[in-house]
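The values are calculated or read from the model by the stated rules, or taken from the named source; none is laboratory data. Predicted, not measured: the structure shown is a model, and the values here were computed from it. Reconstructed Cβ throughout: ideal geometry from the backbone, glycine too, with neighbour counts over all protein chains shown.
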Amino acid sequence: MRSFFSQHRAAIVLTVNRMLDTPLATLLTIMVIGIALSLPLGLYLVVNNLSRIADNSQGQPEISIFLKDNAGSAVQRDIETKLKARTEIKEFHFVSRDTALKQLSQNMGLTDTAAILGKNPLPDAFVITTKDIEPEHLDQLRKDMQALPGVQSATLDSEWARRLNAILRLGKQGVWLLAALLGFALAAIGFNTIRLQILALRDEVEVSRLLGATDAFIRRPYLYLGMLQGLLGGLAAWLIVASAFALINVRVAEIASLYNLSFLLSSLAWRDGLAVLISAASLGWLGAYLAANQHLRGSRAAF
């Protein structure tokens with residue numbers, strides 16, 4: 001067991017020394033990886049912030065429940081009880097027909113709309129805001145509300161919800177597609193970097209083989225090299241995105257203050273940041289593994 005850990009410790013020390021021996025090349029490789037990862041990472045944060053804005057926006061899709069003219073206070077209380085029991089409902093409020101008429105009068109700039117119309121034609125209503133903006137869930141909830149006793153009709157701003165949902169889905173798909181493409185590029189960077197390292201140290205590898213070194217022993221420093229480069233590249237991406245969002249938030253705060261709002265873009269959470277670091281290190285390890293295996297399976301004389 002001690003031999004196992006000592007071999008890995010020696011491989012890590014050797015890898016770090018090799019990286020320090022070529023600081024410029026190491027720095028450029030890390031920056032290339034960091035910039036490549038920062039693109040999908042930044043897009044991911046943009047989509048997340050848009051989702052947060054949509055959730056907190058007053059423009060969320062609403063379901064309006066219009067009661068029948070003969071619906072009394074008992075029906076109103078019964079509907080209110082049923083709305084409180086629905087966990088998918090974020091909030092709701094009752095709008096009486098008199099309140100609705102006053103709002104209509106204010107919007108139209110009229111002083112006495114009831115006198116003009118003769119009577120109040122507007123019904124009592126409940127306005128519902130939901131936690132979920134999935135169009136399918138909204139449609140189902142509208143149908144459930146329509147079926148309640150005493151309800152004349154239930155309407156839904158479904159078109160707005162469908163458009164918002166489509167935009168967010170497109171953004172998320174774009175994030176995953178870009179992440180997959182740049183993940184492949186990151187593995188290719190690791191593959192090419194390790195391949196060049198092996199070629200530069202061909203004589204050293206050949207001597208190791210003559211001394212009886214196993215493939216795992218020869219491959220180990222290169223795997224650590226790829227993993228460390230990926231890890232540092234992921235850290236660089238995290239810092240790039242965090243710095244960019246910190247600069248952008250200065251302008252966002254200025255714009256929000258013009259509308260008497262307090263709003264800032266959310267940067268990368270620790271959990272997401274750790275996922276980026278692990279993914280970057282894994283992709284770097286994968287590229288190094290493929291490069292080392294290719295040469296180990298190749299001509300033995302090259303080693």
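Observations, loosely collected:
- Residues that are modelled with pLDDT under 90, closer than 24 Å to residue 183 by Cβ and hydroxyl-bearing (Ser, Thr, Tyr), drawn from segment 204-255: 222, 224
- Taking the listed residues 15, 22, 26, the one that is among the β-branched types (Val, Ile, Thr) and at pLDDT below 80 is 15, with no other qualifying.
- Residue that is farthest from residue 124 (Cα to Cα) [pool: residues in segment 150-176 that are modelled with pLDDT of 75 or more and not in a helix (DSSP H, G or I)]: 156
- Residues being buried (at least 16 other Cβ atoms within 10 Å of the Cβ) and within 30 Å of residue 195 (Cα to Cα) - total across segment 242-279: 4
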